[in-house]
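Asker: Starting off with a structure, shown below.
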Amino acid sequence: MASTSTIEKAYEIARERYAELGVDADRALERLARVSISLHCWQGDDVGGFERPGGELGGGLAVTGSYPGKARTPDELRRDAETALAQVPGRHRFNLHAIYAETGGARVERDELGPEHFRRWIDWARERGLGLDFNPTFFAHPRAADGFTLSHADEGTRRFWIRHGAACRRIGAAMGKALGTPCIANVWIPDGSKDAPADRRAPRERLAAALDEVFREPLDPKHVLDAVEPKLFGIGSESYVVGSHELYLGYAVRRGKLLCLDSGHFHPTESIADKVSAVLLWLDALLLHVSRGVRWDSDHVVVLSDETRAIAQEVVRGGYLDRVHIGLDFFDASVNRVAAWVVGLRATLQALLLALLEPAELLRRREVEGDLTARLALQEEAKALPACAVWDYACLKGGVPVGAAWLEAVQRYEREVLAGR
Ligand code: RNT
Ligand code: ZN
């Protein structure tokens, strides 16, 4: 591993190089340090949760792989998450699903969940200085087995899921209140059909009405912020998804909700990067689920891809860092799950740092002048600027491993903790 003085020297040289292009690397680092990424709990146990061990996941969500060491209890999951968070600079958040409730062995139905079932999560988050985000779980349940929840034709089933959604907002509000930072409560439902439906209209009308009921109770936005997450298609809902992009975009605009854009939820060549500045014309804020679509799967581990970089660029270039909440969403059971978390976290932070280090003024000026040749050439030159030296310095300053040293820490954790499970 590079010594402290080497890292500092490399940073000094990089800083000068960036300054020549009008970029203040110190400021980029200062801004990066204030970004909180919401780490999704479900990478830690293959979206298992603690409600009914061994239950069907459903909802078109599929986790493949059988890497050993999966978290089996809330304490194991917390310890794994702490290990992952210790490998990245900054203060972050943790994103829970309703199925991660701790009910002390009692069977508590989803529509009866309350803040008391998340007490230990809240205490843990407070002790660690983490914010919490939350999601009602509209899958992995007998009442979701036919693929419909909030848009279900059966009123009793629909009401059950409405009560679940409403209960989860209250849990989110309790989390936000206890931790002093608003909890984002994000609604994603699997509703849709494998083959061409005869009626696309009725389920969408039922969903819109059900959402209004879920959100009926006025709750303080200082404690909880509501978000809705569209999807183009899923496994088993290839022909029709009730909660499509248009449905939720319209809903979010009309009802003043956050829209959640998941990078794996669109056509394979359609990028959510382009959507950021379009939807933020009409919405106060956005939630991002940073993920990586590969062919039919929407949830591969996030890496520093052109897509991840483009998303970060759009957030930074638009000056939207304060209006865009960034969360991760992927699940891979074929590699060490803690390492998967770290790879996704580090890639997302690196993408943001690269965006913050972009000679944005220079590029914009060339564009305004109509010098598109220079814009292209400078964009290319910017790609190979010494950002690595700045990232290493951010890790050094943040007191976390520099470079691949984090892998050794995670491998040690695997030998000492995960291997015993
Ligand atoms: C599913 C959505 C959703 C889930 C999580 C588990 O396609 O992306 O966000 O991944 O709620
Ligand atoms: Zn998502």
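Asker: Over 15 Å, how big is the tail of the calculated P(r) for segment 170-210, in percent of all Cα pairs? Write out the running numbers ahead of the final one.
Answerer: Working: 490 of 820 pairs.
Tail fraction, whole percent: 60.
Asker: Can you give me the convex hull volume of the Cα atoms of segment 12-169, divided per residue and expressed in Å³? Please report the intermediate quantities before stating the final value.
Answerer: Values: hull volume 27.0 nm³, N = 158.
Spelled out: Cα convex hull of segment 12-169, divided by residues, is 171 Å³.
Asker: Related question: What FRET efficiency comes out for the pair L376/R79, r = Cβ-Cβ distance, R0 = 41 Å, nearest 0.05?
Answerer: 0.30
Asker: Calculate, for R364 and A19, the FRET efficiency according to 1/(1 + (r/R0)^6) with r their C-beta to C-beta distance and R0 25 Å; round to the nearest 0.05.
Answerer: Working: r = 18 Å, r/R0 = 0.72.
That gives a FRET efficiency of 0.90.
Asker: If you don't mind, there's one more thing I want to ask. Gain in length, D146 to A86, computed as 0.36 nm per residue apart minus the alpha-carbon separation, to one decimal in nm?
Answerer: 17.5 nm
Asker: In a solvent-free Debye calculation with one equal scatterer on each Cα, what is log10 I(q)/I(0) for the chain at q = 0.06, 0.07, 0.10 Å⁻¹, listed in the order of the q values?
Answerer: Reported log10 I(q)/I(0), two decimals: -0.25, -0.34, -0.69.
Asker: Would you mind pulling out the separation of the Cα centroids of segment 238-308 and segment 162-230, in Å?
Answerer: Between the Cα centre of segment 238-308 and that of segment 162-230, the gap is 16 Å.
Asker: For segment 1-62, with equal point scatterers placed on the C-alpha atoms only and solvent neglected, what are the log10 I(q)/I(0) values from the Debye formula at q = 0.20, 0.26 1/Å, to two decimals?
Answerer: -0.86, -1.10
Asker: Whole-Hz Karplus ³J(HN,Hα) for segment 46-60, in order, using 6.51 cos²θ - 1.76 cosθ + 1.60 and θ = phi - 60°, x for Gly and Pro?
Answerer: 6, 6, x, x, 10, 7, 9, x, x, x, 5, 6, x, x, x
Asker: Right, another one. With axes computed from alpha carbons, what is the tilt in degrees of helix 4-20 against the longest principal axis of the chain, rounded to the nearest 10 within 0 to 90?
Answerer: For helix 4-20, the angle is close to 80 degrees.
Asker: Hey, can you grab everything whose amide H is under 5 Å from the amide H of N95? Only 5+ residues off in sequence or another chain; H modelled, so Pro and N-termini drop out.
Answerer: Residues meeting the criterion, in which the H sits 1.01 Å from N, are L39, H40, C41, D133.
Asker: How far is helix 306-317 tilted, in degrees, relative to the longest principal axis of the Cα atoms in the chain, given as a value from 0 to 90 rounded to the nearest 10?
Answerer: Result, in degrees: 80.
Asker: Quick one: grab the alpha carbon gyration tensor of segment 97-200, order the square roots of its eigenvalues as a ≥ b ≥ c, and give me rounded if a/c is under 1.5, else prolate or oblate depending on whether a/b is larger than b/c.
Answerer: Values: a/c = 2.70, a/b = 2.04, b/c = 1.33.
Taking the square roots of the gyration eigenvalues as a ≥ b ≥ c, segment 97-200 is prolate.
Asker: Run the simple label-point estimate for D306 and W282 please: 7 Å along Cα→C-beta, distance reported in nm.
Answerer: 2.9
Asker: Against the globular-protein guess of 2.2 N^0.38 Å, express the Cα radius of gyration of segment 175-241 as a ratio, rounded to two decimals.
Answerer: Working it through for segment 175-241, the quotient is 1.41.
Asker: Any chance you could tell me what percent of the C-alpha pair distances in segment 286-362 go past 15 Å?
Answerer: The proportion of pairs with Cα distances above 15 Å equals 55 percent.
Asker: Mind checking the angle between helix 201-214 and the chain's longest principal axis? C-alpha axes, 0 to 90 degrees, to the nearest 10.
Answerer: 80
Asker: Let me ask another. If R0 is 51 Å, what FRET efficiency do you get for D26 and A198 from their C-beta distance, rounded to 0.05?
Answerer: Values: r = 61 Å, r/R0 = 1.19.
With a Förster radius of 51 Å, E is 0.25.
Asker: 7 Å from Cα along Cα→Cβ at both E213 and R415: what's the point-to-point distance in nm?
Answerer: 5.6
Asker: Add +1 for every Lys or Arg and -1 for every Asp or Glu among the other residues with Cβ under 11 Å from the Cβ of A2, and state the total.
Answerer: With Lys, Arg at +1 and Asp, Glu at -1, the neighbours total -1.
Asker: Further question: What number comes out for the charge environment of A227, summing +1 per Lys or Arg and -1 per Asp or Glu over other residues with Cβ under 14 Å away? Provide the component values of the computation, followed by the final result.
Answerer: Numbers: positive: R93, R169, K231, R255, K257, R323; negative: D133, D226, E229, D262, D284, D329.
Around A227, the surrounding residues sum to 0.
Asker: What is the sum of charges, Lys and Arg at +1 and Asp and Glu at -1, for the other residues whose Cβ falls under 14 Å from the Cβ of E127?
Answerer: Working: positive: R78, R79, R91, R119, R120, R126, R128; negative: D75, E82, D123.
Once all neighbours under 14 Å are counted, the net charge is +4.
Asker: Also, I was wondering about something else. Take the Cα atoms of segment 261-398, find their three principal axes, and give me the spread along each one in whole Å, biggest first.
Answerer: 49, 39, 28
Asker: On average, how much area does the Cα convex hull of segment 352-416 cover when viewed from any direction, in nm²? It would help to have the intermediate numbers written out before the result.
Answerer: Working: hull surface 21.9 nm².
Convex hull of Cα atoms, orientation-averaged projection: 5.5 nm².
Asker: Of all DSSP beta bridges in the chain, what percent run antiparallel (nearest 5)?
Answerer: The answer is about 15 percent antiparallel.
Asker: While we're on this one: Work out, step by step, the length gained on full extension between K383 and S36: first 0.36 nm times the residue separation, then minus their alpha carbon distance; give nm to one decimal. It would help to have the intermediate numbers written out before the result.
Answerer: Numbers: separation 347, 0.36 × 347 = 124.92 nm, distance 2.45 nm.
Separation in residues times 0.36 nm, less the Cα-Cα distance, equals 122.5 nm.
Asker: Right, next: Ratio of segment 121-272's C-alpha Rg to 2.2 N^0.38 Å, to two decimals?
Answerer: For segment 121-272, the normalised Cα radius of gyration is 1.06.
Asker: Sticking with the crude label model, points 7 Å out along Cα→Cβ, report the distance from S239 to E205 in nm, one decimal please.
Answerer: Label at S239, label at E205, 2.1 nm between them.
Asker: What number of lysine-lysine pairs in the chain show an alpha-carbon separation below 19 angstrom, given a sequence spacing of 8 or more or placement on distinct chains?
Answerer: Total qualifying Lys-Lys pairs in the chain comes to 7.
Laboratory data are not the source of any read-out in this text; all were calculated from the coordinates shown. Note that the coordinates shown come from a computational prediction; the quantities given were computed from them, not determined experimentally. Don't worry about glycine lacking a Cβ; one is built from the backbone with ideal geometry, like all the others, and counts go over all protein chains shown.
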